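Undergrad: Take a look at the following structure, please.
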Amino acid sequence: MIFILLGPPGAGKGTYSEKLIKFYKIPQISTGDILRAAVKQGTELGKQAKDYMDKGLLVPDEIIVGIIEDRIKEPDCKNGFLLDGFPRTVAQADALEFIFNKNNLKLNAVIDFTVREDILYKRLTGRRLCKNCGANYNIFTLPPKKEGVCDRCGSELYQRDDDKEEVIAKRLSVYKSQTEPLIDYYKKRGLLKSIDASEGTIDEIVQKIIDILK
Ligand code: AMP
């Protein structure tokens, strides 16, 4: 199974991914996570990406496409994978199509999440992540048992720099102008499956995704 999670920042793609990878036994490939790890480690990639990320802008296509091309060739992708946060531009989608054709891979579906803007803001400003294991929390909707501490591993939680209010507006406008055209792109290819993710629990939405992928 190979599928893409498409949707604005704050739609919950990372949260659903955590459950979906267990269900389908495939890896999640999140370009955002890969870039954040590179920034943390201070690698060349991290240095190139940091400025764009801090401003809520997209990292240039050629950098991202190279990362994906290498990643999907890893052995754990043999039975499929889930793309979270990629592609984000038409140029990236074209490049992905090219890579898939070259490697004889078939994209099964693209899940498009629609979420009301007020909910997106709440999810983004409330989001907290574990510094150690990356677990996702939300101070409004999914708080940890003890404030600022990860339920799973006991490490400290933090707020992403780009989840601060001033950057969020930019990320949402970048999504509208650069990523939303992908909805039509995949509709035309007969691959788009839309889900309203404004209401419902995480498990309910995950179940909707599983049903739609059947
Ligand atoms: P995310 O965790 O998916 O919200 O990504 C965080 C940031 O990483 C984005 O705001 C971009 O700066 C960068 N990024 C992640 N994925 C991509 C992508 N496919 N293309 C360009 N930039 C990306």
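Undergrad: Test of understanding: among Leu124, Leu83, Leu96, which residue is farther than 16 Å from Ile29 by Cα, of a type in the set (A, V, I, L, M, F, W, C) and out of contact with any Leu (no Cβ under 6 Å at 6 or more places or on another chain)?
TA: Result of the check over Leu124, Leu83, Leu96: Leu124.
Undergrad: Within region 178-196, can one find any residue that is touching a residue at least 12 places away in the same chain (Cβ under 8 Å), among the small types (Gly, Ala, Ser) and surrounded by fewer than 16 Cβ atoms within 10 Å (Cβ to Cβ)?
TA: The answer is yes; a qualifying residue exists.
Undergrad: Take the residues in region 1-40 that are among the aliphatic types (A, V, I, L, M) and in a loop (DSSP other than H, G, I, E, B), then tell me which one is farthest from the ligand (Cβ to nearest atom).
TA: The residue in question is Met1.
Undergrad: Does Ile21 count as hydrophobic (A, V, I, L, M, F, W, C), touching a residue at least 12 places away in the same chain (Cβ under 8 Å) and under 18 Å from Gln207 (Cβ atoms)?
TA: yes
Undergrad: Related question: I'd like the residue in region 137-163 that is under 19 Å from the mean Cα position of the chain (by Cα) and of a type in the set (Asp, Glu) and, out of all such residues, is surrounded by the fewest Cβ atoms within 10 Å (Cβ to Cβ).
TA: Asp161
Undergrad: Take Leu120 and decide whether it is part of a helix (DSSP H, G or I), within 19 Å of Met53 (Cβ to Cβ) and either modelled with pLDDT under 95 or not polar (S, T, N, Q) (or both). Reasoning before the result, please.
TA: Details: part of a helix (DSSP H, G or I): yes; within 19 Å of Met53 (Cβ to Cβ): yes; either modelled with pLDDT under 95 or not polar (S, T, N, Q) (or both): yes.
For Leu120, the condition - part of a helix (DSSP H, G or I), within 19 Å of Met53 (Cβ to Cβ) and either modelled with pLDDT under 95 or not polar (S, T, N, Q) (or both) - is met.
Undergrad: Can Lys73 be described as surrounded by fewer than 13 Cβ atoms within 10 Å (Cβ to Cβ) and part of a helix (DSSP H, G or I)?
TA: no
Undergrad: For region 163-184, does any single residue satisfy the condition of being assigned to a helix (DSSP H, G or I), more than 16 Å from the ligand (Cβ to nearest atom) and modelled with pLDDT of 95 or more?
TA: yes
Undergrad: Output the residues belonging to region 41-100 that are within 9 Å of the ligand (Cβ to nearest atom) and among the acidic types (Asp, Glu).
TA: Passing the criteria: Asp54, Asp61, Asp84.
Undergrad: Next question, about the same structure. Does Gly134 count as surrounded by 13 or more Cβ atoms within 10 Å (Cβ to Cβ) and on the phi > 0 side of the Ramachandran plot? Show your work before the answer.
TA: Working: surrounded by 13 or more Cβ atoms within 10 Å (Cβ to Cβ): yes; on the phi > 0 side of the Ramachandran plot: yes.
Here the answer is yes, as Gly134 does meet what is asked.
Undergrad: Follow-up question, since we're still on this one. Return the residue satisfying two criteria in turn: it lies in region 58-69 and is without any contact (Cβ under 8 Å) to a residue 60 or more places away in the chain and assigned to a loop (DSSP other than H, G, I, E, B), and of such residues it is farthest from the chain's Cα centre (by Cα).
TA: Restricting to residues being without any contact (Cβ under 8 Å) to a residue 60 or more places away in the chain and assigned to a loop (DSSP other than H, G, I, E, B), the top hit is Pro60.
Undergrad: Do we find a residue being more than 18 Å from the chain's Cα centre (by Cα) and more than 20 Å from Val110 (Cα to Cα) anywhere in region 166-185? Let's see the steps before the verdict.
TA: Keep residues of region 166-185 that are more than 18 Å from the chain's Cα centre (by Cα), which gives 166, 184-185.
After this cut, where a residue has to be more than 20 Å from Val110 (Cα to Cα) as well, the list is 166.
Yes, there is a match, as at least one residue in region 166-185 is more than 18 Å from the chain's Cα centre (by Cα) and more than 20 Å from Val110 (Cα to Cα).
Undergrad: OK, next. Go through region 140-158 and give me each residue that's modelled with pLDDT under 95 and part of a loop (DSSP other than H, G, I, E, B).
TA: Phe140, Thr141 - these are the residues of region 140-158 that are modelled with pLDDT under 95 and part of a loop (DSSP other than H, G, I, E, B).
Undergrad: A further question follows. For region 46-57, which positions are under 16 Å from the mean Cα position of the chain (by Cα) and surrounded by fewer than 17 Cβ atoms within 10 Å (Cβ to Cβ)?
TA: Selection gives Leu57 alone.
The values are calculated or read from the model by the stated rules, or taken from the named source; none is laboratory data. Bear in mind that the values here come from a model prediction, so they are computed numbers and not experimental data. Please note: Cβ atoms are built from the backbone with ideal geometry, for glycine as well, and neighbour counts cover all protein chains shown.
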